[in-house]
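Asker: Sharing a structure here in structure tokens format.
The values are calculated or read from the model by the stated rules, or taken from the named source; none is laboratory data. Everything numeric here is computed off the predicted structure, so don't read it as measured data. Don't worry about glycine lacking a Cβ; one is built from the backbone with ideal geometry, like all the others, and counts go over all protein chains shown.
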Amino acid sequence: MKAPVRVTVTGAAGQIGYALLFRIASGAMLGDDQPVILHLLDITPAMDALEGVRMELDDCAFPLLAGIVCTDDPNVGFKDADYALLVGARPRGPGMERKDLLEANAAIFSVQGKAINDHASHDIRVLVVGNPANTNALITQRNAPDIDPRNFTAMMRLDHNRAKTQIAQKLDAPVTAVSTMTVWGNHSATQYPDLHHATVNGSVAVDAVDQQWYEDDFIPTVQQRGAAIIKARGAASAASAANAAIDHMRDWALGTADGDWVSMGVYSDGSYGIAEGLIYSFPCRCSGGDWSIVQGLEINDFSRGRMQATEQELTEERDAVADLLP
Ligand code: NAI
């Protein structure tokens, strides 16, 4: 049996946390031969609820669960962490403008970035789920200067999975028939789910549907799916978000399937003309615990416009918190 690794989850007493922790502890994220020590971080008023989650984790008697640390102190929460899933974030309150939301979260993620820098393993792999995820990931990364910026990622996998299912259902194909999906940009309504490189049963997806359905139905459905779930369920997506976080981390740690790729919000190296240093979603292949951006995809004018619009939004988000970035 391997030595245990430490996995930090913030916002561990929340909805996504509840759908996430039991699957990490069961081995769904890092494999069924990898013991884990869970570090559960939340804010002080959530400590009683967190204690209840700890009791339930204990009651599962998971063979791979080698320990649990519950804390409201980021320095303890990230101590020696090998993986971190940053789920806890400040939700938009009444009367809050976008800039207020960005700033409230900048405060949280700068503290966590510093704690990661000072206390976590320097090989830590970080996934930011809490919104605005891409910009929160940027803030975390900029506050952890001693760690490779490539180790900070933002979750686009829920959007990726949503896009796969939408095209599979449209073409009456199983979701397993869909490969090489790409969602570009920001985890927001400007994201661009791209069918030009995706295939369904080996055929190019965009050629199998009419352009009007692609533009007027597919793209907005994927972009607005989060809002549709809130409207239907009266609560934000939680189980599907937790599932996507597991998928993202598992592929990063254990590798993407041969011949396929996934969408990840990663540190831009300037690929496809996207400004360097933004946390932007690209098609990525993972192997040996590392990711690389898929190169050489042909980008037409339609796609280029959409990729730039979502890049523009990320630039504006970055500029809105510029004074808080080290
Ligand atoms: P929730 O409100 O149920 O839970 C959030 C938890 O975070 C709470 O327990 C809260 O006490 C905690 N928290 C707040 N500030 C914290 C801090 N400074 N340190 C540690 N913990 C803190 O929310 P839920 O449904 O679990 O969602 C969490 C986040 O994930 C939200 O920001 C949501 O918008 C985002 N999200 C992102 C998705 C994506 O695809 N990237 C998809 C779905 C949700």
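Asker: For SER237, work out the one condition from (1) within 12 Å of the ligand (Cβ to nearest atom); (2) in a helix (DSSP H, G or I); (3) buried (at least 18 other Cβ atoms within 10 Å of the Cβ) it doesn't fulfil.
Answerer: Only one criterion in (1) within 12 Å of the ligand (Cβ to nearest atom); (2) in a helix (DSSP H, G or I); (3) buried (at least 18 other Cβ atoms within 10 Å of the Cβ) is unmet by SER237, namely (2).
Asker: Pick from region 197-218 the residues that are in contact with a Lys or Arg (Cβ under 8 Å, 6 or more places away or on another chain) and assigned to a helix (DSSP H, G or I): which of them is nearest to the ligand (Cβ to nearest atom)?
Answerer: PHE218
Asker: Could you list all residues from region 254-268 that are touching a strand residue (DSSP E or B) at 6+ places or on another chain (Cβ under 7 Å) and either away from the ligand (no atom under 13 Å from the Cβ) or over 17 Å from GLN191 (Cα atoms) (or both)?
Answerer: Selection gives GLY255, THR256, GLY259, ASP260, TRP261, VAL262, VAL266, TYR267, SER268.
Asker: In region 30-63, which residues are within 17 Å of ARG125 (Cα to Cα) and within 16 Å of the ligand (Cβ to nearest atom)?
Answerer: Correct list: LEU38, HIS39, LEU40, LEU41.
Asker: In region 76-83, is there at least one residue being at pLDDT 95 or above and within 9 Å of the ligand (Cβ to nearest atom)?
Answerer: yes
Asker: Quick one: THR153 ticks every box in (1) in a strand (DSSP E or B); (2) free of Cβ contacts under 8 Å to residues at least 24 places away in the same chain except a single one, so which number is it?
Answerer: Every condition holds for THR153 apart from (2).
Asker: Okay, next question. Scan region 74-91 and report the pairs whose first residue is within 16 Å of GLY17 (Cβ to Cβ) and of a type in the set (Gly, Ala, Ser) and whose second residue is near the ligand (Cβ under 7 Å from one of its atoms) and in a loop (DSSP other than H, G, I, E, B), with Cβ atoms within less than 7 Å and a gap of 6+ or a chain change.
Answerer: Taking only residues 6 or more apart or on different chains, the pairs are GLY88/GLY11; GLY88/GLY14; GLY88/ASP42; GLY88/GLY130; ALA89/GLY11; ALA89/GLY130; ALA89/ASN131.
Asker: Determine if region 93-112 includes at least one residue that is crowded, with 18+ Cβ neighbours inside 10 Å, within 22 Å of VAL321 (Cα to Cα) and more than 15 Å from the ligand (Cβ to nearest atom).
Answerer: Looking through region 93-112, none of the residues is crowded, with 18+ Cβ neighbours inside 10 Å, within 22 Å of VAL321 (Cα to Cα) and more than 15 Å from the ligand (Cβ to nearest atom).
Asker: Suppose we filter GLN166, GLN141 for residues that are crowded, with 24+ Cβ neighbours inside 10 Å, more than 13 Å from the ligand (Cβ to nearest atom), in contact (Cβ under 8 Å) with a residue 24 or more places away in the chain and in a helix (DSSP H, G or I); which single one remains?
Answerer: The unique qualifying residue is GLN141.
Asker: If the requirement is being touching an Asp or Glu at 6+ places or on another chain (Cβ under 6 Å), among the small types (Gly, Ala, Ser) and in contact (Cβ under 8 Å) with a residue 12 or more places away in the chain, which of these qualifies: SER240, SER268, SER263?
Answerer: SER268
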